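Since the structure comes first, as structure tokens, the remarks are kept for the end.
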Amino acid sequence: MSKPEASVIEVEDRPAQPAQDESLSQDHTKRKEGQKARAEQLEDDALLNLLYQMILIRRFEEKSAEAYSLGKIGGFCHLYIGQEAVAVGALSALRPDDYVLTSYRDHGHALIKGISPDAVMAELYGKATGCSAGKGGSMHMFDQNVNFLGGHGIVGGQIPLGTGIAFAAKYKGTDQVSVCFFGEAAVNQGAFHESLNMAQLWKLPCIYICENNQYGMGTSLERAMSLQDVSQKAYAYEMASEFVDGMDVLAVREAVIRAAERAREKSLPTLLEIRTYRFMGHSMSDPGNYRTRAEIEKYQERDPIKLFTQSLMETGVLDDKSLKEIEDRVHAEVEHAAQFADESPLPDPKELYTHVYANPL
Amino acid sequence: MAVITMREALNQALKEELSRDKNVFLMGEEVAAYQGAYKVTKGLLEEFGDKRVIDTPITELGFAGLGVGAAMAGLRPVVEFMTFNFSILATDQIINSAAKMLYMSGGQFNIPIVFRGPNGSAFQVSSQHSQALESWFAYFPGLKVVMPSTPADAKGLLKSAIRDDDPVIFLEQERMYGNKGEVSDDPEFLIPLGVADVKREGKDATIVARSLMVPYALKAAEELEKQGVSVEVIDPRTIRPLDIETIIKSVKKTNRVVVAEESHPFCGVGAEITAQISVQAFDYLDAPVKRLSGEDVPMPYAKNLENLAIPDVKRIIDAVREVAYLD
């Protein structure tokens with residue numbers, strides 16, 4: 001299986017990491033060879049499923065954008081287009097009973113963790129059948145049944161929560177892993193640093209995944225962060241870390257497999273900086289005048305779906321027919337979700353007062 | 001039944017609940033090896049070990065959020081703030097995570113957590129270490145706010161708070177840790193949240209007081225008795241949900257009310273109680289409700305100024321005489 005070429009991200013230029021852990025002392029070439037070997041171990045069906053999942057997110061988000069412009073979705077709506085390889089690659093490396101939580105850009109993670117497109121779309125539409133009963137909306141998808149512990153709306157707010165979930169897993173003696181996604185802007189919050197300190201101090205099975213899409217709303221990484229190599233922040237806590245190409249779904253998967261092993265077997269946390277790019281605005285209301293068309297196009301050349309499609313075509317895993325089958329299946333699912341959301345009832349007015357307390361007095 | 005301090009009563013509650021439920025754990029600054037900054041957690045590390053009694057770094061936002069996350073995954077954390085002054089750093093996690101999680105998840109994730117520690121005025125520690133924050137937390141639906149005034153209430157309410165399935169803000173008072181009272185040693189001694197207590201019955205005027213103001217109000221009532229004024233003292237004990245019915249019932253009986261509190265007056269709990277009385281019992285009032293609050297200034301250091309900043313027994317007596325038109 002061939003790997004995508006011409007990385008926009010200069011992986012080799014980054015400083016060497018301290019050899020706190022075997023997997024970190026490998027150089028990039030070795031790591032890449034390891035990935036290739038592992039990718040070859042993946043069954044064709046598993047590879048096609050990764051592609052299916054990325055396309056599902058892409059088309060789902062396109063439908064969300066359309067529904068938003070039609071006024072069917074209100075409030076904020078942060079799309080995941082461009083970043084699909086991160087959620088898909090990462091979640092493919094986890095067990096179903098592992099815990100996942102993320103920021104407000106949460107539709108993709110919710111879908112891949114196992115919430116149905118119907119329930120996610122219905123939540124976006126503010127319907128009673130939504131995964132949060134219409135009370136959370138775009139930023140607050142939850143599903144206890146699949147251990148998806150939320151989209152969270154305050155930048156970095158989910159990081160201590162993810163740390164606590166890892167704490168609970170260790171306390172209860174399960175070997176579950178807590179995986180906490182956040183954007184790079186969250187790294188400037190105290191919550192990030194406070195959490196990493198405790199996680200390493202107490203050896204908690206937490207994987208911190210920084211989805212570095214290089215903009216905190218309209219402010220670029222360069223304008224917001226003194227040390228822009230996020231993975232290096234782990235050094236301050238003697239935590240294992242890796243820098244990962246977030247446009248390469250298998251690279252993401254490989255890194256998360258290593259981190260999950262570290263969490264499960266050694267009860268140690270990992271910080272992964274996964275460099276990615278969002279092709280759309282911060283939210284639906286973002287005019288995007290803080291970056292150039294050329295910059296966006298440069299990254300779109302490394303569209304994770306395009307790269308993976310090409311790679312699967314080259315190795316004969318995918319052909320035009322099977323690609324069309326995936327697209328057709330996704331199309332049907334997304335259309336079904338939109339129709340389901342459209343036809344679902346609004347929450348009953350009495351629901352305004354439910355779920356404020358578990359034990360109302 | 002034994003006479004013990006409020007500190008010991010709280011310690012008993014923690015010890016009993018740690019013994020009863022292995023999902024209960026305690027964390028905070030200096031709660032373990034140091035035995036607690038105010039010794040509320042004395043002996044717990046030795047008895048329950050460092051897995052369940054955990055010293056945290058000084059990282060309030062972090063450990064508050066860690067506690068909320070642990071609660072999402074099925075544990076029942078008791079998080080101590082060395083004082084609630086430091087909880088200000090943790091308010092994002094208390095308000096945006098703990099208070100709202102159940103609602104915004106459509107009923108899926110309740111947060112059974114207790115945040116506890118001393119609140120209100122301390123002795124000469126100036127502005128940043130001496131303030132009452134109950135109105136902040138009581139403002140938010142999703143939180144429960146408890147303020148005990150006796151050792152028995154402290155024990156019974158803390159045990160109920162730990163067993164409650166919602167986030168509870170449990171506000172103790174540094175000046176009261178040494179106060180003594182009779183406390184049951186029954187491990188099932190529970191006081192339900194949301195139920196006010198009539199600390200003293202009377203017929204001429206009602207004082208609604210909480211936390212530190214309760215012993216002050218009781219002293220004032222004793223003095224007023226000598227002056228021929230019969231005073232009822234109501235302690236809501238739980239600020240949210242507020243047992244307004246017990247307060248209204250008393251107002252309808254005495255027709256005169258003083259609301260005493262050490263917190264600031266503006267947007268305070270006393271303002272809320274006063275508003276509810278005016279809505280629900282306006283026709284029963286023989287005098288305007290008298291609000292006696294902490295002064296609207298940051299807490300000063302100098303002893304004489306500090307004494308002026310919060311209500312005392314004499315001012316409570318004066319306030320009752322004022323609503324009774326005795327002067």
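Here, each number is a calculation from the coordinates, and none is a lab measurement. Values in this document were obtained by computation on a predicted structure and should not be read as measured data. Positions of Cβ are backbone-derived with ideal geometry, glycine not excepted, and every protein chain shown enters the neighbour counts.
Name the single residue, out of those in the range B:116-145 being in a loop (DSSP other than H, G, I, E, B) and of a type outside the set (Gly, Ala, Ser), that is surrounded by the most Cβ atoms within 10 Å (Cβ to Cβ). If we take residues in the range B:116-145 being in a loop (DSSP other than H, G, I, E, B) and of a type outside the set (Gly, Ala, Ser), then B:LEU143 is surrounded by the most Cβ atoms within 10 Å (Cβ to Cβ).
So which helices (runs of 4 or more DSSP H) stay within the range A:192-307 end to end and still have 3 or more residues that are surrounded by 16 or more Cβ atoms within 10 Å (Cβ to Cβ)? Break it down into steps so the answer makes sense when it comes.
Working: elements: A:221-224, A:249-266, A:293-300.
Once the helices (runs of 4 or more DSSP H) in the range A:192-307 are filtered for at least 3 residues that are surrounded by 16 or more Cβ atoms within 10 Å (Cβ to Cβ), what remains is A:249-266.
Filtering the range B:52-79 to residues that are outside any helix (DSSP H, G or I), more than 24 Å from the chain's Cα centre (by Cα) and facing chain A (nearest Cβ under 7 Å) leaves B:PRO57, B:ALA73, B:GLY74.
For the range A:95-126, filtering for residues that are away from chain B (no Cβ under 14 Å), surrounded by fewer than 24 Cβ atoms within 10 Å (Cβ to Cβ) and closer than 18 Å to A:ILE159 by Cβ leaves 0. For the range A:160-189, the set of residues classified as in contact (Cβ under 8 Å) with a residue 24 or more places away in the chain, assigned to a helix (DSSP H, G or I) and within 11 Å of another protein chain (Cβ to nearest Cβ) consists of A:PRO160, A:LEU161, A:GLY162, A:THR163, A:ILE165, A:ALA166, A:PHE167, A:ALA169, A:LYS170, listed by residue number.
This table checks each residue for (1) within 14 Å of another protein chain (Cβ to nearest Cβ); (2) part of a helix (DSSP H, G or I); (3) in contact with a Ser or Thr (Cβ under 7 Å, 6 or more places away or on another chain); (4) without any contact (Cβ under 8 Å) to a residue 12 or more places away in the chain.
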| position | (1), (2), (3), (4) |
| --- | --- |
| A:THR309 | no, yes, no, no |
| A:LEU312 | no, yes, no, no |
| A:GLY316 | no, no, no, yes |
| A:HIS331 | no, yes, no, no |
| A:ALA337 | no, yes, no, no |
| A:ALA358 | yes, no, no, yes |
| A:LEU361 | yes, no, no, yes |
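Restrict the check to the range A:127-138 and report whether at least one residue is more than 7 Å from chain B (Cβ to nearest Cβ), without any contact (Cβ under 8 Å) to a residue 60 or more places away in the chain and surrounded by fewer than 24 Cβ atoms within 10 Å (Cβ to Cβ). No, the range A:127-138 contains no residue that is more than 7 Å from chain B (Cβ to nearest Cβ), without any contact (Cβ under 8 Å) to a residue 60 or more places away in the chain and surrounded by fewer than 24 Cβ atoms within 10 Å (Cβ to Cβ).
Among the residues here, B:THR41 does not qualify as under 30 Å from A:THR354 (Cβ atoms) and either more than 9 Å from chain A (Cβ to nearest Cβ) or assigned to a strand (DSSP E or B) (or both). Taken over the range B:257-268, the criterion of being over 13 Å from B:ILE234 (Cβ atoms) and either in contact with a strand residue (DSSP E or B) (Cβ under 6 Å, 6 or more places away or on another chain) or surrounded by fewer than 24 Cβ atoms within 10 Å (Cβ to Cβ) (or both) is satisfied by B:GLU262, B:HIS264, B:PRO265, B:PHE266, B:CYS267, B:GLY268. Residues that are outside any helix (DSSP H, G or I) and at the interface with another protein chain (Cβ under 8 Å from one of its Cβ atoms) were ranked within the range B:80-115; the one that is surrounded by the fewest Cβ atoms within 10 Å (Cβ to Cβ) is B:GLY107.
Can B:VAL195 be described as surrounded by fewer than 24 Cβ atoms within 10 Å (Cβ to Cβ), among the hydrophobic types (A, V, I, L, M, F, W, C) and more than 14 Å from chain A (Cβ to nearest Cβ)? Steps first, please.
Details: surrounded by fewer than 24 Cβ atoms within 10 Å (Cβ to Cβ): yes; among the hydrophobic types (A, V, I, L, M, F, W, C): yes; more than 14 Å from chain A (Cβ to nearest Cβ): no.
When the stated conditions are applied, B:VAL195 does not pass them.
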